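The values are calculated or read from the model by the stated rules, or taken from the named source; none is laboratory data. Source: prediction; values computed, not measured. Cβ atoms come from the backbone with ideal geometry, glycine included; neighbour counts cover every protein chain shown.
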Amino acid sequence: MSTKYLYAGIALLVGSALPFQIGINTQLRDWLGHAVLAALASFGVGTLILLLYATTLRLPWPTLGALLAVPAWAWMGGVLGALYVAASVILAPRLGAATLVALVVAGQLLASLLLDHFGLVGFAAHPFNVWRGLGAALLLGAVLVLKF
């Protein structure tokens with residue numbers, strides 16, 4: 001089996017975890033009393049797991065100089081992750097899992113088309129074309145069908 005198919009399968013598996021994460025975090029919000037506290041708890045558990053994994057792998061820790069050399073925009077991944085988790089906890093009960101995930105995927109696709117077209121944040125340029133436009137239109141159509 002080609003590694004391309006293996007990677008696609010892993011991506012599909014990781015994607016299938018998304019609605020579970022949303023539902024679990026939404027329940028956590030109910031138990032903890034606020035979406036921000038649920039997002040904080042979720043990130044805390046994730047941070048602990050990654051810390052244990054990095055320690056198990058005996059990864060070398062970056063130096064202070066290496067951390068200070070990172071451009072400010074590169075730290076935005078954590079901000080965007082926190083925004084996503086908190087927003088999903090708030091929106092899931094209002095939209096439902098299928099509609100929320102469909103809208104999230106549609107947003108990801110539209111942003112990805114822009115990132116690919118202009119070759120932003122480290123992605124190689126892949127110009128927008130009619131086939132990419134058709135794929136995006138079909139996905140947006142699926143969102144509308146799911147919602148209405």
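Kindly indicate the residue of region 111-141 that is part of a loop (DSSP other than H, G, I, E, B) and out of contact with any Asp or Glu (no Cβ under 9 Å at 6 or more places or on another chain) and also farthest from Ala74 (Cα to Cα) among those meeting that condition. Within region 111-141, the match that is farthest from Ala74 (Cα to Cα) is Asn129. Leu40 satisfies every condition listed in (1) modelled with pLDDT of 90 or more; (2) surrounded by 12 or more Cβ atoms within 10 Å (Cβ to Cβ); (3) closer than 28 Å to Leu139 by Cβ except (3). Scanning region 46-71 for residues that are in a helix (DSSP H, G or I) and either of a type in the set (Val, Ile, Thr) or under 30 Å from Ile24 (Cβ atoms) (or both) yields Gly46, Thr47, Leu48, Ile49, Leu50, Leu51, Leu52, Tyr53, Ala54, Thr55, Thr56, Leu57.
Let's see how each residue does on (1) surrounded by fewer than 11 Cβ atoms within 10 Å (Cβ to Cβ); (2) more than 30 Å from Leu95 (Cα to Cα):
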site: Leu109; (1), (2): no, no
site: Asp116; (1), (2): no, no
site: Phe123; (1), (2): no, yes
site: Pro127; (1), (2): yes, yes
site: Arg132; (1), (2): no, no
site: Gly135; (1), (2): no, no
site: Leu140; (1), (2): no, no
site: Val145; (1), (2): yes, no
site: Phe148; (1), (2): yes, no
